[in-house]
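Below you'll find the structure, written out as structure tokens, and then a few comments.
The values are calculated or read from the model by the stated rules, or taken from the named source; none is laboratory data. Keep in mind that this is a model prediction, so the values were computed, not measured. As a convention, Cβ positions derive from the backbone with ideal geometry for all residues, glycine included, and neighbour counts pool all protein chains shown.
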Amino acid sequence: MKLDFTFTGKIEPQYTILFNKIAFDIQMSFSESIDSISKQHANSIDWWVSSPASRNTFTSFFFYYCCCIALLQELISRNEQLTEIITDSKAFQKILMCYLAKQRMNIKVTLVRISIKGRLIKIARPIWVAIGIPVRQLLLFLAARYTHSLRKIPPSKPLTLIDTFTMRDYIEKDRYYPGMVEQLPEEDKQLVWFVPHIHDFRPWEYLSVIKRLRKAERNFLLKEDYLKFVDYWCLWGHIFRIHNLRIKSSFFRGIDISHLVLEELKRFRNIGCSYAPLLNYRFSERLKKAGIKLKLVVDWFENQDIDKGWNAGFRRFFPYTEVIGYQGFMVSSHYLCKYPTVAERDSNVIPHKVAVIGQGIVQSAKKFCADLNVCIAPAFRFQHVWLKRKYFPDEARYTILAALPIMINDAFNILMSLAAAVDGIADDIHVWIKPHPTASQSQIKTSFGSKWPAQFEFVDVNFSECVEKANLLVSSASSVCTEALAKGIPVLVVGNNFGLTQNPIPETITSDIWRMCYSAEEIKRAIHFYKNRSTKKIEEHEEVGRLIKAKYFEPVTKESITRFLNLKEKYVEREL
């Protein structure tokens, strides 16, 4: 039997569930291995904003390869007849060959040949990383300088800074903390300033986006107003500094994985993602030098590399200002970067406190750091789950809402599986497609490739409305799964037959109100089950939804906002 261990390969169907079980089992040992390397570079901001240190399973291949190691060891222990292993990593090929030689096993390890397109990308990537991405950052800087006369001047009083993202349809509109500012007293509104990370815009759009931010009702503090031209030189220096890091041997399940770390650092795969966090770090230093006083700093905290740059900077340059990491979302437990580790805490690259949106999430937030400081904050993005239901499904048809995740491959997997499942199943089934805000309808159709099913229809209304009009939600990797459950609406999570399944539903929710489906046939059976629920079963699921709502979604009230932003605490200026 041949094993495909390329990152885009397909795990054999009979091993898909085993692969994901292994991924759960090795999370702790994997994070401990990364921690052992991180301790060697605890004072290096370049290490902390690098791809291996991030443990981000959406952008880094590292965890996937470790899962492959554990799967191989399990299959060998079962005496499975393996003939060949295919990989797309030279470092991984070397590791596997050494391991198999020690085991005295004659299994061929083949390195996939790179296509002409792949070779061109390999040549172009260093050029783009070294020149293209920094130039884009500089264009944003110049656009801010050009509109400098339109900027709002922050008051001299201590400010509350809130990290956020600006993307299409979410410039003036707040996607991350909706309803927060509106409930603040007027004097507090003037002291709350949002720091936007401008995401997913073309360079020629920067000027118009910044002008809109300047004129917005909310207070925006642009990083580019404080950064200096010299700060951008550090971006080029990062490439050389990261290449000079020495990685000592680090073992995972008895195998030295340091070569994988070095490969990820030096192949320019995700180095460009380190630029924004490095600028975040410099931004905090510039604020300090500008004499800005801060009462509180809030980070939209996914613990990615961009967060580490932000938190390391504010922890260093504003050591007496509390930094809170707000996790206003729910994602798969395979999204390892979400869970801080001991080394990250000890190196001050995470906030002082992590705020989660429900009591049921507190313990899981401490997965890799048992004494992590965790509190509960309002579930701003999900406050509508507490509102009286306004909409109901059309009784004349059965509506399935497919809420697509941010990763195009996962979205494609959902659409293909769902198309096969609903083909010929029933005339009254209708499927609504809601893309992630970062993807367009044309991108989705292009990725789908084959004939667009007649039952599929794109919807362009807010999620809370369309999910209430749906009988069933199909998705993966997104907080909307738990959000739908809180409304008593059943959910199908589509499993990934290519590798890791990003299931965002908390492990403690064991009711049959949701199902995991790895094939079109499983989806078809699940649709039949939920479509034919009895009145008693529907009532049971509605009660489960009420329990989920209370456990995982903290209500948004003036009192909960006041606690979250520490509005009752007075600012006391301290000397460093």
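Quick notes on this structure:
- Qualifying positions in segment 482-499 - part of a loop (DSSP other than H, G, I, E, B) and hydrophobic (A, V, I, L, M, F, W, C): ILE489, PHE498
- Taking segment 414-439 as the range and being modelled with pLDDT under 85 and of a type in the set (A, V, I, L, M) as the test, the residues that pass are ILE425, ALA426, ALA439.
- Selection status of PRO52, in contact (Cβ under 8 Å) with a residue 40 or more places away in the chain and touching an Asp or Glu at 6+ places or on another chain (Cβ under 8 Å): yes
- Subset of segment 523-562 (residues that are farther than 13 Å from VAL385 by Cβ and outside any helix (DSSP H, G or I)): ASN532, ARG533, SER534, THR557
- Of the residues making up segment 500-521, those that are outside any loop (DSSP other than H, G, I, E, B) and touching a residue at least 60 places away in the same chain (Cβ under 8 Å) are CYS517, ALA520, GLU521.
- On the stretch given as segment 20-48, residues that are within 17 Å of GLN304 (Cα to Cα) and in contact with a Cys (Cβ under 8 Å, 6 or more places away or on another chain) total 1.
- Residue within segment 436-446 that is more than 24 Å from the chain's Cα centre (by Cα) and assigned to a loop (DSSP other than H, G, I, E, B) present: no
- Strands (runs of 3 or more DSSP E) contained in segment 305-388 and holding at least 3 residues over 17 Å from PRO506 (Cβ atoms): 322-327
- If the condition is being β-branched (Val, Ile, Thr) and over 26 Å from GLY424 (Cβ atoms), then segment 439-466 contributes only VAL461.
- Segment 53-92, subset hydroxyl-bearing (Ser, Thr, Tyr) and within 16 Å of PHE19 (Cα to Cα), residue modelled with the lowest pLDDT: THR57
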